[in-house]
Amino acid sequence: MLEYSTRLNGEIYKSFVSEIIKKHNIESIVETGTYDGMGSSQLLASIGLPFDTMECHGMNFIAAKVNLEKFKNTRVHHAYSLKLNEMLEFIKQDDWTNNPDEMIELGVKFDHENPRWYYTHELNDVVSKPPQENLLMNLITNPERQLVFLDSSGGVGLLEFQKVRELPKEILKEKLIMLDDINHIKHYRSLQWMKENCEIEYSEDGRLAVAFIV
Ligand SMILES: C[S@@+](CC[C@H](N)C(=O)[O-])C[C@H]1O[C@@H](n2cnc3c(N)ncnc32)[C@H](O)[C@@H]1O
């Protein structure tokens, strides 16, 4: 959580998300990256729709279970968003995790001076191995109208975005994608793609970006 900005649980974000949900007739919410459940997950749980959130780190998962216990609409999962092997391979081959200096000049933020090392550890060093993998795809491969908030790791934000984009068109058109940390390696490239291909709606302060990505 080194380079991440302030917790995403203030009133301006809640009213933005509530309006977006109403406007687009969203039926349920899925989030990758719960951390301790006190930031975005708290906000998304409080909306009241069925809400699934997943966290790979064992200690964070336990904290989040406790912190979100009062929300009966919410399921906290100890899980990897995607397949672990695919995520590790992606980090290994991603030039951006190997050339941070060039990207820092562009204004892209990283969590560590050696991003490749850091993001590999973030996935491997999880105290207890999550019993599930690929849960993001399992939870969104359906025709339901869902808000999908991608907020896991800087190392795999782009891979999550790409995997979502690979959904069959008739399913993808029902998914409203939300990104935070848009100047961070996590979503910088996804946002560039969205800017060229989608109609994006931003929160008042420009921090959250939301769009259908068909
Ligand atoms: C940016 S934090 C999440 C912040 C949280 N949404 C909030 O607003 O407070 C990212 C979290 O995702 C977890 N994480 C990283 N990669 C993951 C993955 N592939 N699947 C599930 N959780 C992951 C990390 O352990 C970390 O707790």
field: Charge dipole magnitude, Cβ of K and R +1, D and E -1 - the chain, Cα centre, debye nearest 20
entry: 700
- prompt: For Ser81, Ser18, Ser46, what's the fewest-to-most ordering of other Cβ within 10 Å of each Cβ?
  reply: Ser18, Ser46, Ser81
- prompt: Each label point is 7 Å from the Cα along the Cα-to-Cβ direction; what then is the distance between the points at His112 and His24, in nm?
  reply: 3.2
statement: Length gained if Arg75 through Phe212 is fully extended, taking 0.36 nm per residue and subtracting the Cα-Cα distance, is 46.9 nm
statement: Around Met87 (Cβ within 11 Å, Cβ-to-Cβ, excluding Met87; K/R +1, D/E -1) the net charge comes to -3
- prompt: Counting only Cα, what are the radius of gyration and maximum Cα-Cα distance Dmax of the range 26-207, in Å?
  reply: 15.8, 46
- prompt: According to a simple spin-label model (label point 7 Å from Cα along Cα-to-Cβ), what is the distance in nm between Lys195 and Lys169?
  reply: 2.7
message: Order these by the 10 Å Cβ neighbour count, fewest first: Ser15, Ser152, Ser28.
response: Ser15, Ser28, Ser152
task: Please go through the range 153-214 and write out the trypsin sites (Lys or Arg not before Pro) that DSSP classes as loop and that have at most 15 other C-beta atoms within 10 Å.
output: Lys173
- prompt: With a 10 Å Cβ neighbour count serving as the proxy for reagent exposure, in which order, fewest first, do Met54, Met103 appear?
  reply: Met103, Met54
message: Sequence gap at least 6, Cα distance under 8 Å: using those rules, report the relative contact order of the chain to the nearest whole percent.
response: 21
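Only the coordinates and a few stated rules stand behind these numbers; no lab work does. Source: prediction; values computed, not measured. Heads up, the Cβs are rebuilt from the backbone with ideal geometry, glycines too, and the neighbour counts pull from every protein chain shown.
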